[in-house]
């Protein structure tokens, strides 16, 4: 088994397991909690709910993706995992790419499933729901990359998690604008831009976080 | 195992504003065992990290021939996993099918079902040596390998180091304890 596959397997087992790194259900529960609470806060105006619900679900997805930042990189840095991997010729970029993939698998597809009951609670129309699902499909990989990047950049810092959240949210704005923008009517362009923003983050994240982890060694 | 070599020329290390050492020369060949000693903060761990390539030297250069096996205070074993599972991850990364003999050799074979977080410092150290042995790398860089070990464990580790160097490997050990093996060169940092 290649180191990448071994890492992916370990990360997935850790995220879906019950240990300290576990809790893959947490982002989904958070997402569903927002979807459940929002109608209570806004009231029973069905039109208002249907119009704003999609955007709220996007915000919920974004925050849900950033929820596990504290657990994404820091525990492994403290464990000395990256040192041992570096001495085996496994670049930090490769192990972080595996981490991004594992992180996405742990919340991206589950969120897309959770968006179905979420949309039902908001009374969102079928077409909007389809656009939401497509947007989440292309947008959540970018959110996963962003989460790992913020986690890597702040892993060596004290109170890194709070800082990581602050760091990630502005960078998530393009995803949010294009993702939520794809909800009504003219979706194709907005979806393409969501995908573009997602790809930029995916391309950047392993290198940014990898450089941060190497810098933390000095 | 290829013939290992570890050469440091004119090596200097800076931590913050302080230069810990400068002009350090090393030339280690197969069979060499080097014991780094010296007071706290003199740069033993930093020197090991420089030799491993985990840190960049402030000046000078390090040449390595051969893969590096590394032991320090971090076990790099998942605390939540049973020891056997945590070790299996490294077997997969290293692409080796580990023999059962190594856990037995280090006396951790009865702990393979126990989550790593319940293990003592010494038991974790033994487990780290299992991972090191599973990998057959010619250069061993060990930072305080005897910390937390009982006398039986320490004797085992010393025997392993002697065996490793006797088999053509080379080894650098940073330790406050004396290393009870023959043919060990002692280097006092900061002296």
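Since every read-out is calculated from the coordinates, none of them should be taken as a lab result. Every value quoted in this text rests on a predicted model; they were computed, and no experiment measured them. Neighbour counts are summed over all protein chains in view; Cβ atoms, including those assigned to glycine, are modelled from backbone coordinates with ideal geometry.
Taking R0 as 22 Å, what FRET efficiency do you get between residue A:192 and residue A:133 from their Cβ-Cβ distance, rounded to the nearest 0.05? Mind showing how you got there, number by number?
Details: r = 16 Å, r/R0 = 0.72.
Calculated value: 0.90.
Rank these for me by crowding, B:117, B:18, A:99, going from fewest to most other beta carbons within 10 Å. Can you show the working numbers first?
Values: B:117 13, B:18 9, A:99 27.
Taking fewest neighbouring Cβ atoms as first place, the list is B:18, B:117, A:99.
Which angle between 0 and 90 degrees, to the nearest 10, do you get for helix A:92-122 versus the longest principal axis of chain A when only C-alpha atoms count?
It works out to around 20 degrees.
So for the pair residue A:166, residue A:9, with labels modelled 7 Å out along Cα→Cβ, what separation do we get in nm?
4.1 nm
Taking chain B as the reference, fit the longest principal axis to its C-alpha atoms, fit the long axis of helix B:121-135 to the helix C-alpha atoms, and give the angle between the two in degrees, 0 to 90, nearest 10.
80 degrees
Quick one: if the Förster radius is 45 Å, what FRET efficiency do residue B:73 and residue A:37 give, using the C-beta to C-beta distance and rounding to 0.05? Show your work: numbers first, answer last.
Numbers: r = 45 Å, r/R0 = 1.01.
E between residue B:73 and residue A:37, to the nearest 0.05, is 0.50.
Averaged over its residues, how many other protein chain Cβ atoms are within 10 Å of peptide B:77-83's Cβ atoms? Intermediate results must be reported in sequence, preceding the final value.
On the way: counts 4, 11, 5, 9, 5, 0, 0.
That works out to 5 on average.
Take every DSSP beta bridge whose two residues both sit in the protein assembly as shown, then give the antiparallel share in percent to the nearest 5.
Working: 14 of 32 bridges.
Beta bridges within the protein assembly as shown, antiparallel portion: roughly 45 percent.
Rounding to the nearest 10 and keeping the result within 0 to 90°, find how far the Cα-based axis of helix B:151-166 lies from the longest principal axis of chain B.
Between the helix axis and the principal axis of chain B, the angle is about 60 degrees.
At residue A:46 and residue B:17, where each label point lies 7 Å from the Cα along Cα→Cβ, what is the point-to-point distance in nanometres?
That separation, rounded to one decimal, is 7.2 nm.
Going by Cα centres, region A:153-173 and region B:88-103 are how many Å apart?
Measuring centre to centre over Cα atoms gives 36 Å.
For the pair residue B:61 and residue B:101, what calculated FRET efficiency results from E = 1/(1 + (r/R0)^6), where r is the Cβ-Cβ distance and R0 = 22 Å, to the nearest 0.05?
Values: r = 38 Å, r/R0 = 1.74.
According to the calculation, E is roughly 0.05.
Roughly how crowded by other chains is peptide A:8-14, in terms of the mean Cβ count from those chains within 10 Å of each of its Cβ atoms?
Across the residues of A:8-14, the mean count of other-chain Cβ atoms within 10 Å is 3.
On each of the three principal axes of the Cα atoms of chain A, give max minus min coordinate, whole Å, ordered largest first.
Ordered largest first, chain A gives principal extents of 59, 35, 34 Å.
Note down the nm distance, to one decimal, between modelled labels 7 Å out along Cα→Cβ at residue B:159 and at residue B:185.
So the two model labels end up 2.8 nm from each other.
Quick check on the exposure proxy: order B:130, B:114 from fewest to most C-beta atoms within 10 angstrom.
Values: B:130 25, B:114 14.
Ranking B:130, B:114 by Cβ neighbours within 10 Å, fewest first, gives B:114, B:130.
How do B:118, A:38 line up, fewest other C-beta atoms within 10 Å first?
Numbers: B:118 11, A:38 19.
Going from sparsest to densest Cβ surroundings: B:118, A:38.
Could you give the distance between the Cα centres of region A:174-218 and region A:65-134, to the whole Å?
13 Å
Suppose the chain between residue A:203 and residue A:177 were pulled fully straight at 0.36 nm per residue; how much longer would it get relative to their current alpha carbon spacing?
Details: separation 26, 0.36 × 26 = 9.36 nm, distance 1.98 nm.
Answer, rounded to one decimal: 7.4 nm.
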